[in-house]
Amino acid sequence: MSIPTDDHRRTPHGHSLTSDDVCPRPSPLPRQIAEPAAPPIYPASVYRCGSPDEAARLLAGEVAGYVYSRDGHPNADLLAEKCRELHQAERATVCSSGMAALALAALAHLQQGQHVVVSNQLYGRSTQLFAAELPRLGMESSEVDTCDLPATAAAFRPQTRLLVVETITNPRLRVCDLAALAELAHARGALLLVDNTFATPVVCRPIELGADLVVESLTKLMSGHSDVLLGFLCGRAAAWQRVVATQSTWGWSTSPFDCWLALRGLGTLALRAERAGANALAAAQYLAARGEIAHVDYPGLQAHPDHALAARQFAGRFGNMVTFSLKGGRKAAERFIAGARQIAFCPSLGDLSTTLSHPASTSHRTMPDAARETLGISFGTIRLSLGIESAAWVQAALAEGLNAVG
Ligand SMILES: Cc1ncc(COP(=O)(O)O)c(C=O)c1O
């Protein structure tokens, strides 16, 4: 079959190229002269198999290798291995987003008729996964304040299989006792699943505290540059039976380029987290001393209700997120956001730069006003994600916003 050709596609002898000429044929990879210092990107969606027998053995997982990139590819494996190591987990996989990782954890472990106990302070979409999506598949959930251990124990049913919490909650930055929650779940035949997005393994490794499964949105501080959307799930081997098949069947696979970017970002995670954490403490102390502010949430402040637990559980680190509520409500929040011109209003977190969000109009906008107010989130509430600028820059940028509140 001939393909349409232009003059520039003609060979020196005037023959037209055909698809026979242009389709790639099996050929050896270019000879590698030296090991590359940065990992290559493997964009292939499919890999050549040596024989039917080899294909069958690869697909059955009996030999290591790749067939189809929805099932796995080198860049996903490199990233998953790094995340596994950072969490000291036995197994890990990377997924197309943090939500995909959470859905994977839930669907790999739940059957119709089973029940989940979830924190009443989960990220908005996570709440919707358990309250609106899983019930359509016949799985029920109950929300509870997981900082309250007796209330959490009382929420369990005989059918409960999972307890789901966040290490540091969004946006009030509450911290619950992971070791106690793991014990409580295990005593009732359930697994503890922890969303560690706000902490990262720099602040907390929940598996060491007894968690069975950990998810993180790699989109955030882990990759750190607001240029990828990815998540990961890691956990104990005993909690991994269905994970591989569930991920491939539901199609929560990853882009090789995104995995490559995230792995590059991870190389600076410790440095970024250290600087951003120091900026968060300095920003929280500065904000707490300002008269325009009703309250500041940061687990590193002694006034925070979970400060003692956080200090013990996180070995002196408290993360890069700070939330505060302005006395003047919505008007004051609007003025602050307009005045703090150096701080981008971006409803995400974990970027190199300091960013802010307004939970009442973003992550918590679908929550009824009364429920939101019970959690202490008002229209005057601002959530800051501290970046790696100097502490002086951050303070000046916040002062601009506060001066505009009037
Ligand atoms: C705590 C938490 N978990 C999970 C997610 C979902 O991650 P992704 O946006 O990568 O799906 C987010 C997103 O903001 C989050 O804040």
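Got at least one residue in the range 180-196 being surrounded by 24 or more Cβ atoms within 10 Å (Cβ to Cβ), within 11 Å of the ligand (Cβ to nearest atom), part of a strand (DSSP E or B) and within 15 Å of the chain's Cα centre (by Cα)? Taking every residue of the range 180-196 in turn, at least one turns out to be surrounded by 24 or more Cβ atoms within 10 Å (Cβ to Cβ), within 11 Å of the ligand (Cβ to nearest atom), part of a strand (DSSP E or B) and within 15 Å of the chain's Cα centre (by Cα). Taken across the range 223-231, residues that are in the same structural domain as ARG84 (by TED's automatic domain parsing), more than 28 Å from PRO359 (Cβ to Cβ) and part of a loop (DSSP other than H, G, I, E, B) do not occur at all. All told, ALA360 meets the bar of being part of a helix (DSSP H, G or I), within 16 Å of the ligand (Cβ to nearest atom) and among the aliphatic types (A, V, I, L, M).
Evaluating ILE388 against the criteria (1) of a type in the set (A, V, I, L, M, F, W, C); (2) in a loop (DSSP other than H, G, I, E, B); (3) within 30 Å of GLY210 (Cα to Cα) leaves one unmet condition, (3).
Within the range 207-221, restricting attention to residues that are away from the ligand (no atom under 12 Å from the Cβ) and charged (D, E, K, R), the residue that is surrounded by the fewest Cβ atoms within 10 Å (Cβ to Cβ) is GLU208. The set of residues in the range 100-145 that are in contact with a Gly (Cβ under 7 Å, 6 or more places away or on another chain) and within 13 Å of the ligand (Cβ to nearest atom) comprises ALA100, ALA101. In the set (1) surrounded by fewer than 23 Cβ atoms within 10 Å (Cβ to Cβ); (2) under 17 Å from THR167 (Cα atoms), SER353 fails one condition alone, (2). The residue that is farthest from the chain's Cα centre (by Cα), among those in the range 314-328 that are among the small types (Gly, Ala, Ser) and surrounded by 20 or more Cβ atoms within 10 Å (Cβ to Cβ), is SER325.
Residues checked against (1) among the hydrophobic types (A, V, I, L, M, F, W, C); (2) within 16 Å of the ligand (Cβ to nearest atom):
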| residue | (1), (2) |
| --- | --- |
| TRP240 | yes, no |
| SER248 | no, no |
| ASP258 | no, yes |
| GLU274 | no, no |
| ALA278 | yes, no |
| ALA282 | yes, no |
| ALA289 | yes, no |
| ALA294 | yes, no |
| PRO305 | no, no |
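Residues in the range 104-157 that are under 26 Å from ILE377 (Cα atoms), under 18 Å from the mean Cα position of the chain (by Cα), among the hydrophobic types (A, V, I, L, M, F, W, C) and modelled with pLDDT of 95 or more: 3 in all. Residues in the range 52-72 that are surrounded by 13 or more Cβ atoms within 10 Å (Cβ to Cβ) and in a loop (DSSP other than H, G, I, E, B): 7 in all.
Okay, residues lined up against (1) outside the structural domain of ALA262 (by TED's automatic domain parsing); (2) outside any loop (DSSP other than H, G, I, E, B); (3) crowded, with 20+ Cβ neighbours inside 10 Å:
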position	(1), (2), (3)
GLN302	yes, no, no
LEU309	yes, yes, no
ARG312	yes, yes, no
ALA333	yes, yes, yes
ARG365	yes, no, no
ALA370	yes, yes, no
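The values are calculated or read from the model by the stated rules, or taken from the named source; none is laboratory data. Just so we're clear, the structure is a prediction, and the values are computed from it rather than from any experiment. Virtual Cβ from ideal backbone geometry, glycine too; neighbours counted across all protein chains shown.
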